[in-house]
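Participant: Quick one: structure below, then a few questions.
The values are calculated or read from the model by the stated rules, or taken from the named source; none is laboratory data. Nothing here was measured: the structure is a model prediction, and the numbers come from that model. Because the Cβ atoms are built from the backbone with ideal geometry, glycine has one as well, and the counts that use them run over all protein chains shown. Just so you know, the surface numbers come from the protein's heavy atoms only, side chains and all, with ligands and any DNA or RNA stripped out. Shrake-Rupley method; radii C 1.70, N 1.55, O 1.52, S 1.80 Å.
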Amino acid sequence: MAPLKGNVFVIGLGLIGGSIALAIKKEHPEAKVTGYDAKLEEMKMAKALMVVDDYVETIQDGVRGADLIILATPVLVTEKLIGQLGQMELKENVIITDTGSTKESIMAKAQRLAGNNTVFIGGHPMAGSHKSGVTAASLSLFENAFYLLTPFHEQDQRTEELKQWLKGTKANFITVSPEMHDEMVAVISHFPHVIAASLVHLVKDADAEYPLLKRLAAGGFRDITRIASSSPQMWADISCGNRENLIRLLDRWAKNLQEVKKALADNKYELLHRFYAEAKQYRDCLPISGSGAIPSFYDLFVDIPDVPGVVSQITNKLAEKGISITNIRILEAREDIYGVLRISFRSENDRDLAMNLLKKETPHEVYIQ
């Protein structure tokens, strides 16, 4: 299908909105992409970086004549914007979509747009980054990631049109109901954030009693609770938006933990072994590659000797080949033993390129855990 022409208006020029704007501009060069953000500096930066063609200082100016409106804002802000759009003059048959992490409440609000010659199709690109803001926008952010769409039933044809607009994201589109969406993401995204935050609180509360605790928690504990460093405002919004599903999961989780507690109290080795074995079996069956609900970190581990210049030698080789890293950390470095360098990459492809390069051009052991 030929590239589309028309006017696209993106509200919210952060990581998600900026990355979608870049994808649309590349795939549909004859379309005009206009942006709006609550922060004027973010809009100016978006135009300077050519993430958008132009920006407007009021939402009303942007929606006028738009063929596609993208609400790339937090869930509660999106719900307010839907109410505002219902009071504005919009182009007939304009498509409106969002990028929120919950869908039932948003789709309920969007019902009021039905009589306004508009088409609302809920959206949730399941990708992200540890970086934020329009400067972090990337053409490859959504590549091979799942992009869930929740249209109203009668909008199948317009959903295909929206997919065409978003084709440049190179995402995998899946259409589900709003109810199914919220139930699934509660299990594999929202609830894990609750658990990660609660584990951090457990250590925080014990910190005064055990002065060494923070230092000991810097390794694997830090890794399994990484998502607890996400935006508090965003996750408070998401938790409120999906609270009923989270409450049900908390009840199930509490029951599960009570069974473990009883097995421990009764010293039931077989029950505990089965608990760990079934968890291991299921986890080992999860796909190794691909993007899920929680953004992945693509890590490479390199055993290095404790000698001056070894870290810069490795990073220089990666830089020479144009391989970008997102984070680097020495996990262990003491005299007379090897240290372990953990290098994080933006994508699986970058990590694999780095592994092949370092195996070929350095004497170090390079591996993926």
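Participant: Ignoring everything except DSSP H segments at least 4 long, calculate the 222 nm mean residue ellipticity for the chain; use -39,500 (n - 2.57) per segment, divide by total residues, nearest 500.
Facilitator: Computed mean residue ellipticity for the chain: -13000 deg cm²/dmol.
Participant: Roughly how many Å² of Met126 are accessible to a 1.4 Å probe, to the nearest 10?
Facilitator: Counting only protein heavy atoms, the figure is 20 Å².
Participant: For the chain, give the magnitude of the charge dipole about the Cα centre (Cβ charges: +1 Lys/Arg, -1 Asp/Glu; no others), in debye to the nearest 20.
Facilitator: Result for the chain is approximately 200 debye, rounded to the nearest 20.
Participant: So what does Glu278 come to for accessible area, using a 1.4 Å probe and Å² rounded to 10?
Facilitator: 110 Å²
Participant: Need one word for region 102-200: rounded, prolate or oblate. Basis is the Cα gyration tensor (sqrt eigenvalues a ≥ b ≥ c); a/c below 1.5 gives rounded, then a/b vs b/c decides.
Facilitator: oblate
Participant: Report the Rg/Rh value for region 181-285, based on alpha-carbon coordinates and the Kirkwood definition of Rh.
Facilitator: Here the Rg-to-Rh quotient is 1.01.
Participant: Any idea which of Leu148, Leu71, Leu353 is furthest toward the positive side of the dipole for the chain, if Lys and Arg beta-carbons carry +1 and Asp and Glu beta-carbons -1?
Facilitator: Result: Leu353, furthest along the dipole toward the positive end.
Participant: By how many nm would the segment from Lys170 to Ile224 lengthen if fully extended, with 0.36 nm per residue of separation less the alpha-carbon distance?
Facilitator: Full extension of this stretch gives 16.5 nm more.
Participant: Placing unit charges on C-beta atoms (Lys and Arg positive, Asp and Glu negative, everything else neutral), compute the dipole magnitude of region 39-169 about its Cα centre in debye, rounded to 20.
Facilitator: For region 39-169, the charge dipole is close to 280 debye.
Participant: Using a Förster radius of 51 Å, what is the FRET efficiency between Glu30 and Ala236 based on their Cβ-Cβ separation? Nearest 0.05, please.
Facilitator: 0.80
Participant: I'd like the carbon and sulfur percentage of the solvent accessible area for the chain, probe radius 1.4 Å, heavy atoms only, ligands and nucleic acids excluded.
Facilitator: Roughly 53 percent of what the probe reaches on the chain is carbon or sulfur.
Participant: Let me ask something else. If you roll a 1.4 Å probe over the heavy atoms of the protein chains, what accessible area per residue do you get for the chain, in Å²?
Facilitator: With all protein chains present, the chain gives 57 Å² per residue.
Participant: Related question: Of Thr326, Ile314, Thr362, which is farthest along the charge dipole of region 298-367 in the positive direction, counting Lys and Arg as +1 and Asp and Glu as -1 at C-beta?
Facilitator: Positive-end residue among those listed: Thr326.
Participant: Once label points are set 7 Å from the Cα along Cα→Cβ at both Asp303 and Asp54, what is their separation, rounded to one decimal in nm?
Facilitator: 6.1 nm
Participant: Pairs to check: Lys26/Lys167; Lys80/Lys103; Lys32/Lys170; Lys25/Lys170; Lys80/Lys167; Lys5/Lys32. Give those whose C-alpha atoms are more than 18 Å from each other in this structure.
Facilitator: Table pairs above 18 Å Cα-Cα are Lys32/Lys170; Lys80/Lys167.
Participant: Normalised radius of gyration for the chain, please: alpha carbon Rg relative to 2.2 N^0.38 Å, two decimal places.
Facilitator: This ratio for the chain stands at 1.13.
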